[in-house]
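See structure below.
Just so you know, all these numbers are worked out from the coordinates, no wet-lab data involved. Please read all numbers here as calculations on a predicted model, not as lab measurements. Cβ coordinates were reconstructed from backbone atoms using ideal geometry, including for glycine residues, and neighbour counts include every protein chain displayed.
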Amino acid sequence: MNRNPYLALFRHFWYVVVIGALVGAVAGWGLSQLSTREYTSTTSMYFSLSAGVTGNDINQGSTYTQNQMLSFAQLATSSVVLQPVIDDLGLDTTAGALAKQISVTTPQNTVVLQLDVTDTSPAEAAAIANATAASLRTQVEDIAPKNAQGNPTVATRVIAPAVEPAGPSAPNERLNILIGLVVGILIAAGALLLSETLSTRVDSEEKAIAVSGAPSLGTVRRRRGATPGLAMVGDTRSSSAEDFRQLRANLEFVAVDVPSPVFVVTSSILGEGKSTVAINLAIALSEGDKRILLIDADLRRPGVAGYTGLVPGTGLSTVLAGRVTLADAVQPWGDDGALSVMTAGRIPPNPSELLSSRAMTALIEEARGMFDVIVIDTPPLGAVADAATLVPEADGTVVIVDRTAVRRNQLLHAVEAVRRAGGSVAGIVFNKARAKRSGDAHYYYRLDDEQAPRAHGAERAPRLPAADRPAGDRPTGPVRPVPAPPPAPAPAPQRAHGHADADDADESDVDEANGPATPASGIARM
């Protein structure tokens, strides 16, 4: 399923957005606390024409007064009005500075003028508002036209005197917190998007698919606290083992028309887990009724012998040198004989020449006639060209992508190297993925681990050595709660798990990736 990478980014780093929102909200609240509190007091004045007896005179007087309201508003902030206020209240300021504290509004088509005075003291704000209204009234009556009796024609009165405000008008604490919250979210989201855009890491399966242009064959999740080693050898009912069975199930759809397919397992750089993925994949493939050959073609830093505990002296290099035959170099691994391993042998001085020789091509063709599936572990494509010499002989190349190590340009270089060499990328395996807590999977494995003995009978009897078990009475592995496959003519014997010394294996190449996965129903051997 293709997911929006940015949506996946926010779903994973949701806590960054939450932290950004909290920091922004706290910052808004803090700025509100540090800001000087200001109080606004409001007074309203009504203007009318005192002259006029008839209705026509009154209407003309109202129109005249409305036309003068803008003039009265400008007069309210002039020094003629404000200087007497400063003198009466004894303010330590100027008329220009006081004018900045006063806001005058005149609603349209009305004769009402509103004065808003802002000050750091609520009492002083009310006093200035009332004093300004009184001074404006005096100045308007002085400059207004006079009637025959010498009285002003414009009458003013205060209809709403100013009172001390109950609370500050600024800062608006709620608004500042809300703005800080929004700004914090935007900054956190922007930082995530910028980091995602500039990042060169391939830290998601979607990125790996987009960069490589190849499908995903499976995801191997790393479970914290798991013992390093081979997942298919330790707890074969673990979620990690099921990851490799799922990989096996997906790989069966690659090269379906090839009788004995050959798969090259490689990576972009050192340490992405190609060797353990190749070994676990070979073990998973051998759980069926097929004959599997695992070849360690990493003639520079071989690791298969160390993981499997086999003799490393005789192997691929000695076969290519013509000292032994393929049949002599192959070592069976497990009691059932389904899996055979060819170690790297002695490290030669010319690995690239040996792997690109005709002897290697002949060896692969001979192996096709002896085995059903051949898995070849090769060096990383970004380090040396050894793997590129083998990919044309294979039916598909499996590229391991380590979430914690590989970069985009490294993965792109590896995929392009495969295609330039004439090979095909069967798909990528996303290794060391983050383990996801799934309620269904957690319940499944807990049931498998805790209730399987009670559900299927008493404790199992101790397993007999392969030589002591009667023919046709060989166990076929632990019982799993998945559908049984169609009955085979002859059940495959169980592999003994004591042949691989996983604890002595060198983990410099890989860390076992353990995590929940979906079982490959009907494919895993019961």
Segment 68-166: trypsin sites (Lys or Arg not before Pro) falling in loop per DSSP and having at most 11 other Cβ within 10 Å:
LYS100
The answer for the net charge of residues other than PRO171 whose Cβ lies under 11 angstrom from its Cβ, with Lys and Arg +1 and Asp and Glu -1, is 0
What are the trypsin sites (Lys or Arg not before Pro) within segment 290-347 that DSSP puts in a loop, where the Cβ has at most 13 other Cβ atoms within 10 Å?
ARG323
Taking 7 Å along the Cα-to-C-beta vector as the label spot, tell me the HIS12-THR110 distance in nanometres, rounded to one decimal.
5.9 nm
For the pairs LYS290/LYS432; LYS207/LYS290; LYS274/LYS432, flag any whose C-alpha to C-alpha distance is greater than 23 Å.
LYS290/LYS432; LYS207/LYS290
Placing each pseudo-label 7 Å from Cα in the direction of the beta carbon, LYS146 and ASP328 end up separated by a distance in nanometres of 13.7 nm
For segment 190-200, 3J(HN,Hα) per residue [Karplus equation, 6.51 cos²θ - 1.76 cosθ + 1.60, θ = phi - 60°, Hz, x = Gly/Pro]:
x, 5, 5, 5, 5, 5, 5, 5, 8, 6, 9
Sort 338-344, 215-221 by packing, meaning the average of other beta carbons within 10 Å per residue, with the highest value first.
338-344, 215-221
With a ≥ b ≥ c from the Cα gyration tensor eigenvalues, square-rooted, and the rule rounded for a/c under 1.5, otherwise prolate when a/b > b/c and oblate otherwise, segment 342-405 is oblate
Grab the alpha carbons of segment 307-426, take their convex hull, and tell me the volume per residue in Å³.
129 Å³
Grab the Cα-Cα distance for ILE19 and GLU252, subtract it from 0.36 nm times how many residues apart they are, and report the gain in nm with one decimal.
79.3 nm
Rotationally averaged projected area of segment 39-160 (alpha carbon convex hull; nm²):
7.6 nm²
Once the piece of chain linking LYS290 and ASN67 is laid out straight, how much longer is it, given 0.36 nm per residue of separation minus the C-alpha distance between them?
70.1 nm
If packing is taken as the average number of other Cβ atoms within 10 Å across a peptide's residues, how do 202-210, 174-182, 399-407 rank, most packed first?
399-407, 202-210, 174-182
